[in-house]
Amino acid sequence: MKRVFAIILLLCCLLISTSAQEMQHISDLAGVLSESEEARLQQQAAELYALTGFDVVIHTTKYSQGKTPFDYSMDYYHAFRDPASTPDGALLAVMFDTRDYQEAARGKGISLLTRRESHDLAKVVQKKLSNGEYYSAFHSYIRYVRRLLIPPTPLERAVELLPVVVIAGLAMGLLYALYLKSKLKIAKYRHDAHQYVTPNSLKLTASQDIYLYQTVTRTKIESSSSGGGRGSSSSGSRGGTSYGGRGGKF
Amino acid sequence: MSTLTYKCPSCASPLEFDGHQQEMTCNSCGNTFDPQSIIAVNQIREEDAGHEDMRWDMMEDSFTPGDLQQTKAYSCSSCGAELFTEETTVATSCAFCGSPSVIPAQFTDETRPRQIIPFTIDKAKAEQMFRDYFKNKKLIPNLFLEGPNQIDEIRKLYVPYWIFDCDADARMSYRGTTVSSRRSGQYMVRTTRHYLIYRAGTLSFHDLPVDASIRLDNKITESIEPFNQREAIEYAPHTLSGAQANRADVDTQTCQNRANERVKLTTDQVFRSTVSGYASVVPESSSIKIINGTSRPVLYPVWLITTKKGGKTYTFAINGQTGALTCDIPWSKAKFFGRMASMAWGVTVAGFSLIYALSALGVLK
């Protein structure tokens, strides 16, 4: 009996593993990722799916067919992955022709991602996309989704904040050592003579602030409607499936 | 040239000048005397002195010409012993009988102090301050913590200073900018306005001291500043009794350079503080002229303590008026970084544990 259960369990694992391997999570039509980068992202997304059942798709394109970023990403996601088999998930699309990034989420993804503030997503990917660090941007996005799905353990949280704690510790240590040093009355020169200034003896005979010229610089503001910076959110549906979206310019 | 010794009319012990009470005090019988009375007594004694002369012309001078230029011989008016002092020494004590001796004739017209600040910190207090210094000092090298630190020598010393009064006539100019931003359509417009800022005026300095002793490091004498010049009294030879003193051996012109450095820096800082309301200010030019500059020699009270450790002599100086202390004992860099590392480790472990606990309790998400 035990042997039968073991075989069934092994088959289930193989089935899940095989289905996870078969599911394509990366669609790099713009060709901005190397083969190894694509493989690593594929592995990260597949692992997330195996752990949580949440589907993450990364998609890049140079042709967004004249659609709005949300429409394009919603259409692509709906066609790329059957909502019936994978109801919970999100697609991050990067459109190089319009310099837009757009997230389209469905099922659990709407509450998990779309309802979060738009600039959340911008913070994760926008700067890296602008800098051309595409792998890093997509890796951060998968990690960001994973983190929302699987909150870190107390130990992971503490390890995450360890650099901050170490820097604070070094700063406190330096202040403490400087305090101890200040208690030593080591001889040193006094370079100023403030103690010997006659009180109220400063008499200004001339005090002029002469305007010379001015320089003007203009910086274009990335408006929220065009995405960049804080990003924007929207919602829609395809074939009876509701989608939520967030996105912006990079 | 003779020395002056102020003796107790009651028991003939040496008298010391008490700065607190402005009296001459006898440490032997405890009597106190008005300085003017003691000076009058001394004058009478001087008239009788000088008659007896029992010197034997037996010995050849054994000093080199160089030594002779720097060393002078005096007779102790208490025990008659011959004292050899440096030519800048104006107050000392007899090596044989311990009587304090003042040699006012050592002062030149230029170096004769106009004022003197009496000691208010006594020897016992100075010694206690020396011993207390080593307590709770975490960065002192281990050498000073292994066994007691003995006083090798303690000297009650009047240090010669030149003090300077002057007005600094300054003309300063700076470049300043203000920055404003406004939104114009799809653009953020940032306007930087550039200004030339000009300030001219005077700033007065009074009683700025500069150490006029070649032997004492300026680092030490500047570290125990300030002295309260308002408590200074007119110099009279009797005020040196019981202490050691040297006349100034650095001239006022040399000391002016140090005074100028400090006056210039302070004038720069005070004038800079009159410039406000700018996003950035950069000094462009600074021109300072000293006017109404005067200097005068004074004597300030310092307890000078030396201690020997590891074959080296270390110096402590205590302001004899305010009790400010300084020394040339080094700090241990190994202990500095050790303390820093231990504190950093403690804070890191505590912070890590706190974050772990708050995360486990759900407070930190």
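Just so it is clear, none of the values below were taken in a lab; they were calculated from the coordinates. Just so we're clear, the structure is a prediction, and the values are computed from it rather than from any experiment. Virtual Cβ from ideal backbone geometry, glycine too; neighbours counted across all protein chains shown.
This ranking places B:T267, B:T254, B:T315 by how few other beta-carbon atoms lie within 10 Å of each, fewest first, which gives B:T254, B:T315, B:T267. Remark: the range A:16-151 carries a charge dipole of roughly 480 debye about the Cα centre, counting +1 on each Lys and Arg Cβ and -1 on each Asp and Glu Cβ. Loop-located trypsin sites (Lys or Arg not before Pro) in the range B:193-258 (DSSP state other than H, G, I, E, B) with a sparse environment of at most 15 neighbouring Cβ atoms within 10 Å: B:R215. Backbone geometry of the range B:216-231 corresponds, through the Karplus equation with coefficients 6.51, -1.76 and 1.60 at θ = phi - 60°, to 3J(HN,Hα) couplings of 8, 5, 4, 4, 6, 5, 6, 6, 9, 5, x, 9, 8, 5, 5, 8 Hz, x marking Gly and Pro. In the elastic network of chain A, a GNM with C-alpha springs shorter than 10 Å, the most mobile of A:S36, A:S140, A:S237 is A:S36.
Using Cβ counts within 10 Å as a stand-in for footprinting exposure, how do B:L15, A:L148, B:L361 rank, fewest first? Before the final figure, lay out the partial values.
On the way: B:L15 27, A:L148 15, B:L361 9.
Going from least to most buried by this count: B:L361, A:L148, B:L15.
Between the alpha-carbon centres of the range B:262-297 and the range A:29-89 there is a gap of 67 Å.
Here chain A is described by how far its Cα atoms reach on the three principal axes: 96, 57, 33 Å, from widest to narrowest. Put in order of Cβ neighbour count within 10 Å, fewest first, the listed residues B:L354, B:L4 become B:L354, B:L4. Put simply, the amide H of A:I26, placed in the peptide plane, has neighbours under 5 Å in A:I58, leaving out anything fewer than 5 places away on its chain.
When the Cα atoms of the range B:269-365 are aligned to their principal axes, the ranges along those axes come out at 72, 55, 24 Å in descending order. Across peptide A:152-159, the average count of Cβ atoms from other chains found within 10 Å of a residue's Cβ is 5. Taken as entire DSSP H runs, the helices of chain A that both span 20 Å or more between Cα atoms along their own long axis and average 0.5 or more on the Kyte-Doolittle scale are A:2-22, A:162-182.
Summing -39500 (n - 2.57) over the DSSP H runs of n ≥ 4 in chain A and dividing by its residue number, what mean residue ellipticity at 222 nm do you reach, to the nearest 500 deg cm²/dmol?
Details: 8 runs with 103 residues, N = 250.
Computed mean residue ellipticity for chain A: -13000 deg cm²/dmol.
Taking only Cα atoms and a 10 Å spring cutoff, compute GNM fluctuations for chain A and point out the largest among A:Y176, A:Y189, A:Y63. Taking springs between Cα atoms under 10 Å, the residue moving most is A:Y189. When the Cα positions of B:T306, B:G176, B:V263 are compared along the charge dipole of the range B:124-331, B:G176 comes out farthest toward the positive end, with charges on each C-beta of Lys, Arg, Asp and Glu.
For the residue pairs B:K7/B:K308; B:K7/B:K125; B:K138/B:K264; B:K156/B:K335; B:K264/B:K308, the alpha carbons lie more than 27 Å apart in B:K7/B:K308; B:K138/B:K264; B:K156/B:K335; B:K264/B:K308.
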